[in-house]
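Notes follow once the structure below has been shown.
Each value in this text was obtained by applying a stated rule to the coordinates, not by laboratory testing. Everything numeric in this text was worked out from a predicted model, so none of it was measured. Every residue, glycine among them, receives a Cβ derived from its backbone with ideal geometry; neighbour counts consider all protein chains shown.
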Amino acid sequence: MFPSSYNGYISSFGASIIQSGLEPTLALFENENASTLEKKQLLPKLILNILDENSTETSLLKYVLNRPNEKQYLKREILDIAIAIKLCIRTFKLEKPNKGSQNGAVCFVPNPVTFCIAQDMVALRAKRDLIYPKFLFAALRSQEVQNQIKNLNVDGVIPHFKKTDFNKLKLPNPCYKNQKIIGDFYFNFCEKINLNNQINQTLESIAQALFKSWFVDFEPVRAKIVAKQEGNDPELAAMCVISGKSAEELQQMAKDDFAELQATAALFPDELVESELGEVPKGWSITKVDDILNRIKIKKRFKKNDVNSFGRTFVLEQGSNVILGFHNEEGSIPASKEEPAFIFGDHTCITKLMLSNFDVSENVIAVTGKERNSYWTYYAIKDLQKFQEYRRHWMELTSKQVVVADINLTDYFAKKVKILHEEIEYSVRENLVLMNLRNTLLPKLLSGEMEVSILEGLS
């Protein structure tokens, strides 16, 4: 587990290399007198391991000094590795694995791959002369077979399906040619849906990483401080951190882009001051979460029986799926690209930002930003309240404190992430169409109601 200070270390590491040079920076970070509590020396060791995993050298500085002819190459590689480490720390979370899963859930394991299975799971391999693997995947996921699994469940605290009951399942059995067409059709739709989901996760991770860099770890501020201490240009150091580019690369930027980046860097202070939350940028304020949220009054709360599997308006819940269903009326909770709204699951701490009107189910709280725009406010409270047990968390969330930056900077942040969320919104709606089409056509193809030949050439 990385200490929280690592984000600051990596930022100052890169800025120091750019401003002071590679060797002095490595000497500073590898100094044995550096804080052992924070394990500052771990960073160059990690970089060395990534740079050359076969090296017997234990010091990155010595590694560089022993290769004088490769200095410029190594400098670029070390900077790139540092940036990659920073992105990994921000993007990927270490989470406890979920206990239990959906009974009857089916996933397709690509070949070749080595894998293990956990308790209460089974691995199946299709007899290729009898059944096409992707068809087996589609058939097991079909509502008809899932209903069979449900009917064969053994009741208990956690209902389960006995392995010995596999032989009782009845699968459709079209000819092999039709199996391949149906299997490829279903699998390709699943792959596109999964790809969209992965892209959406990446886009939101990028936005969250940017928020953390600017408003939690204060990396541009720390870069300015380091530059001032070393007698270098603080604005340039901040620009390097914000853009992930070297000073030389900044000079190659288009004039307008450079000016925008320069203006952004100027919005960050060059000093940290002590506060009740630790060191914060000078001039920024500290306030309760309750003071930055406008809670929206809910006119109607929807239940499962009130929604459809497809429709015009999203109905959000606090479960892991977030989307309860849809209806075809105008949503009662206003949201748009310019003025989004978001939800907080009172029991589960689930959050989701919305760019179009929507509705919610029980125990879902809808809010917008009060002091700052909703894009910034959404990321300010996202993951701030951790799920502890199945109870209400709203009061605890609103009593927490957050650091509030200059409004010009929060508005600029909104401008940057708005583009990302527009792409997310488009992908979500595309997935809805794909899922509806896939789930509508599959049972008709399996039952023979629809001719398989209609799909030829589409898969």
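Among the GluC sites (Glu not before Pro) in segment 250-350, those located in a DSSP loop and surrounded by at most 15 other Cβ atoms within 10 Å of their own Cβ are Glu271, Glu276, Glu329, Glu330, Glu338. The antiparallel fraction among DSSP beta bridges confined to the chain stands at about 85%. Across the chain, counting alpha-carbon atoms alone, Rg and Dmax equal 26.7, 77 Å. Ordered by the number of other Cβ atoms lying within 10 Å of each residue's own Cβ, fewest first, Met435, Met395, Met239 fall into the sequence Met395, Met435, Met239. Spatial offset of segment 341-363 relative to segment 263-329 amounts to 8 Å, using the alpha carbon center of each. Here Lys168 is the anchor, and the aspartates and glutamates within straight C-alpha reach of less than 20 Å, apart from those fewer than 8 places off in the same chain, are Asp120, Glu144, Asp155. Calculated translational diffusion coefficient of segment 156-249 (4 °C, 1.567 mPa s; Stokes-Einstein with Kirkwood radius over alpha-carbon pairs) equals 68 µm²/s. Could you pull out the GluC sites (Glu not before Pro) across segment 382-454 that fall in loop regions by DSSP (anything but H, G, I, E, B) with no more than 12 other Cβ atoms inside 10 Å? Passing both the DSSP loop test and the Cβ count: Glu389, Glu449, Glu451. Cα-based radius of gyration for segment 286-404, normalised by 2.2 N^0.38 Å, reads 1.03.
Listed by chain and number, the aspartates and glutamates placed with their C-alpha closer than 15 angstrom to that of Lys75 are Glu23, Asp52, Glu248, Glu249; residues fewer than eight positions away on the same chain are left out. Using a simple spin-label model with pseudo-atoms 7 Å out from Cα toward Cβ, Met121 and Asn321 lie 2.2 nm apart. Step through the table entries Lys255/Lys418; Lys45/Lys228; Lys192/Lys299; Lys45/Lys71; Lys150/Lys444; Lys303/Lys416, compare each Cα-Cα distance with 29 Å, and write down the pairs that go over it. Listed pairs above 29 Å: Lys192/Lys299; Lys303/Lys416.
Over the residues of the chain, the helix contribution to mean residue ellipticity at 222 nm works out to -15000 deg cm²/dmol, using -39500 (n - 2.57) for each DSSP H run of at least 4.
The packing ranking, built from the mean of other Cβ atoms within 10 Å per residue, places the peptides 49-61, 117-129 in the order 49-61, 117-129, highest first. For the peptides 440-446, 282-288, the ranking by packing is 440-446, 282-288, with the highest mean count of neighbouring Cβ atoms within 10 Å listed first.
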